[in-house]
Protein chains: 2
Amino acid sequence: MPHDLDRIDRKLLQIVQENARLPAEKIGAAIGLSPSAVQRRLARLRDGGVITAEVAVLDAKAAGFPLTMIVDIEVERERPELLSAFKRWIAREGAIQEAWYVTGDSDFVLVVAARDVEDYDALMQRLVSENPNIRRFRTRVTLGTLKRGATVPLE
Amino acid sequence: MPHDLDRIDRKLLQIVQENARLPAEKIGAAIGLSPSAVQRRLARLRDGGVITAEVAVLDAKAAGFPLTMIVDIEVERERPELLSAFKRWIAREGAIQEAWYVTGDSDFVLVVAARDVEDYDALMQRLVSENPNIRRFRTRVTLGTLKRGATVPLE
DNA sequence: TTTGAAAAGCTTGATAT
DNA sequence: ATATCAAGCTTTTCAAA
């Protein structure tokens, strides 16, 4: 496999997963490498696709999206031709933050950000009206967020 | 208290939500602002807590975590005193990437990254053995990830 | 692979509008 | 609020090991 991460890579990734703005000099001081060695490793990890992006994380509430819903969706499996259209629909909807195809009773799980319940209702009405293969969905409102992110535990 | 984001702030945030490494000069060119005005706004958004972090996003598979599970957990509500211990347990577990407290049949929804099924099984065995208030849980394996992130749609 | 140093580029802070 | 510019940092490049 193309990507063998050594112990230094893992330490490096652990740091930039938390803070991508830390100067290479400080990262190097923390892991015992010169700034240029840190930069070279970062470049390699970016080029190799281990680091896919460096992004700003917003406080959703401060940005005007205080509600998060978790939505289980069941689709009609007899109509696989509609699936890719549904996937494109999901890709287009900015309020859908996460979407997985899953095993089990339902077929998709979505995480949706919303300004208010009306906003969310409108989205779900468009969901069903624009996707004929939606059989049913169930909404769970999040009452609290304990953790949010995609950080991977590199020991 | 609600942060007022003007049109320029929203454009700015839209950009850095995608790419936090873009130089202020390029951001400014895109939204019609000088580099220092961009920096001033970014500083204000960071200080005001609208931007909570700037982080590197990893390819979980490349980093050795090819599996993602979605776990619904039901806890014994008669024992609220065990809840905060459970929350601390979640906070400590690096493989738990996301965790919400939700309405509905189950009480928590977790997103868990795993190296393999044994790894995941071991985590869930520790979950039940170390948290006496876990009544049941249901695992859904993700077969595909359509979208992942916490990006908020500004405008 | 690594370091170290110079060049280039970016950010920050002062000043002025 | 904003832009311009200079000073200070950070990143990048390259030679050498």
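Rundown of residues vs (1) at the interface with chain B (Cβ under 8 Å from one of its Cβ atoms); (2) touching a residue at least 60 places away in the same chain (Cβ under 8 Å); (3) in contact with an Asp or Glu (Cβ under 8 Å, 6 or more places away or on another chain); (4) open to solvent by less than 20 Å² (accessible area, probe 1.4 Å), yes/no style:
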residue: A:104; (1), (2), (3), (4): yes, no, no, no
residue: A:109; (1), (2), (3), (4): yes, no, yes, yes
residue: A:113; (1), (2), (3), (4): yes, no, no, yes
residue: A:120; (1), (2), (3), (4): no, no, no, yes
residue: A:126; (1), (2), (3), (4): no, no, no, no
residue: A:129; (1), (2), (3), (4): no, no, no, no
residue: A:138; (1), (2), (3), (4): yes, yes, yes, no
residue: A:143; (1), (2), (3), (4): yes, no, no, no
residue: A:147; (1), (2), (3), (4): yes, no, yes, no
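Look through B:143, B:154 and report the one residue that is modelled with pLDDT of 95 or more and part of a strand (DSSP E or B). Before you say what the answer is, go through the steps one by one.
Working: B:154 fails: part of a strand (DSSP E or B).
Within the list B:143, B:154, the selection yields B:143.
Specify which of the listed residues (B:129, B:106) is assigned to a loop (DSSP other than H, G, I, E, B) and among the polar types (S, T, N, Q). Steps first, please.
Working: B:129 fails: assigned to a loop (DSSP other than H, G, I, E, B).
Just one listed residue meets the conditions, B:106.
Mind telling me which of the residues B:64, B:48 ends up being on the phi > 0 side of the Ramachandran plot and either in contact (Cβ under 8 Å) with a residue 24 or more places away in the chain or away from DNA strand C (no atom under 12 Å from the Cβ) (or both)?
B:64
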So residue A:14 ticks every box in (1) closer than 29 Å to residue B:10 by Cα; (2) more than 8 Å from chain B (Cβ to nearest Cβ) but one. Which box is left unticked? (1)
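The values are calculated or read from the model by the stated rules, or taken from the named source; none is laboratory data. Keep in mind it's a predicted model, so treat the numbers as computed, not measured. In this analysis, Cβ positions are derived from the backbone assuming ideal geometry, glycine residues included, and neighbour counts consider all displayed protein chains. Surface accessibility is based on the protein's heavy atoms, side chains included, excluding ligands, DNA and RNA. Shrake-Rupley method; radii C 1.70, N 1.55, O 1.52, S 1.80 Å.
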